[in-house]
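The numbers here are math on the coordinates, done by the rules we state, and not lab data. Since the structure is predicted, the reported quantities are computational estimates derived from the model, not experimental observations. Please note: Cβ atoms are built from the backbone with ideal geometry, for glycine as well, and neighbour counts cover all protein chains shown.
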Amino acid sequence: MLKEDQKDSEVRYKNPSVYERYVRKHFECMRADEYQVKISERLYYRATKDKKIEQWLEMNLAMLPCCMKSLSDMITVTGGHIVSCVCHMDNYNNISTEICAADRLSGSGRPGSDRTNRSVIRTTTVGEIEEQVRYNSIFWTPEAESAGFKAKA
């Protein structure tokens, strides 16, 4: 088994498409149904050439399932649910996560029509996504209410 892992390690660095296949095969987050992970071709290329970038990418991919579970739990506690989530990894230290969450209650407090909130969180690591969601009011109250006033149409 050790020889197989060593062989896998040697092969994945030859070119970006081989490395992409390795990542898709070995990281749970790449096969998740609850969210999507999109990695740019440029990042795959850079990871094949630079060990530091490859380690950063793999560390973040390994952390992603736990982070997404925690994020979903935080939103569920507030009475909401994640409608969609896409994590874009475009370059080294550049993660952009698009989250669309919906309240289970409408603005009137009655079950029914979900009010959705969308946010884009830009971070350098997966661990920072969770921190940003904790402090991002778009998921907890309408922006006008969080600013202390109600906007009129």
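So for the stretch 45-99, averaging the separation of alpha carbon pairs under 8 Å that are six or more residues apart and normalising by length, what relative contact order in percent results?
Computed value for the stretch 45-99: 22 percent relative contact order.
Please give the net charge around Ser72, taking every other residue with its beta carbon less than 13 angstrom from that of Ser72, where Lys and Arg add +1 and Asp and Glu add -1.
-3
Simple spin-label model, 7 Å along Cα-to-Cβ: Arg134 to Glu41 in nm?
In this crude label model, Arg134 to Glu41 measures out at 3.9 nm.
Compute the signed sum of charges (Lys and Arg +1, Asp and Glu -1) over the other residues within less than 14 Å, Cβ to Cβ, of Lys52.
Neighbour charge sum, excluding Lys52 itself: 0.
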